[in-house]
Structure formats: structure tokens, C-alpha cells
Amino acid sequence: MDFEEGEKILIMASGKQSTIHKVEADGMEVELDNGKGKVRVGWLYLYKVCINRDYVEVLSGMHKGQSRWIQLSAFGLGSACIIKDHTN
């Protein structure tokens with residue numbers, strides 16, 4: 001997955017959505033959506049926030065090479081991308 005400035009991410013530990021401000025080698029600087037400023041977060045603590053019909057492909061790590069279209073239930077507007085297998 002590519003991460004780009006301006007995209008939404010979810011910080012796992014806090015469950016807070018944030019907007020990517022700067023992508024760095026060891027993590028990201030993000031702007032908290034609650035207006036409480038910027039924080040640095042390591043790669044292991046982030047999920048990319050996806051919307052229905054996004055296409056995602058994992059580019060590194062244990063799920064490298066996996067890809068799929070995101071299909072969400074009618075109950076949510078967004079979801080953290082967690083790709084577990086190739087099945088639909």
C-alpha cells in the first residue's frame with residue numbers, strides 16, 4: 001500500500017483517525033482529526049482508512065502481493081484496510 005500526504009489513516013492504539021502530513025522512513029507525521037495537532041506514529045501502529053470500491057495492494061511485509069477491492073457493509077462509511085487472504 002502506498003501512503004500519501006492528505007490521506008486518512010487510523011492509529012491503532014488510540015482508534016483515532018488522522019490525516020497524513022508527512023511520510024518518513026520510520027513512520028509518519030499525522031494531523032489528528034480532532035484538532036489536537038500533529039503527532040509522529042511508527043509504521044506498525046497505522047492502518048490505511050479505505051472507502052468502498054478502493055482497490056488495495058500490499059507492497060511489503062507479511063501480506064506482500066495480496067490485493068483486492070474493498071467492499072463494505074451498508075453500516076459503515078470507511079474501514080481500516082486489513083487484508084488477510086485472497087478470498088472474496
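All of the numbers you see were taken from the coordinates with simple rules; none came from a lab. Every value quoted in this text rests on a predicted model; they were computed, and no experiment measured them. Please note: Cβ atoms are built from the backbone with ideal geometry, for glycine as well, and neighbour counts cover all protein chains shown.
The alpha-carbon of Lys16 sits under 12 angstrom from the alpha-carbons of these aspartates and glutamates, leaving out residues fewer than 8 places away in its chain: Glu31, Asp33.
Of all lysines in the structure, those lying under 18 Å Cα to Cα from Lys64, and not within fewer than 8 positions of it along the same chain, are Lys48, Lys84.
Spin-label model, Gln66 to Asn52: label points 7 Å out along the Cα-to-beta-carbon direction sit 2.4 nm apart.
Note on Lys38: aspartates and glutamates with a C-alpha under 17 Å away, same-chain residues under 8 apart excluded, are Glu4, Glu5, Glu7, Glu24, Asp26, Glu29.
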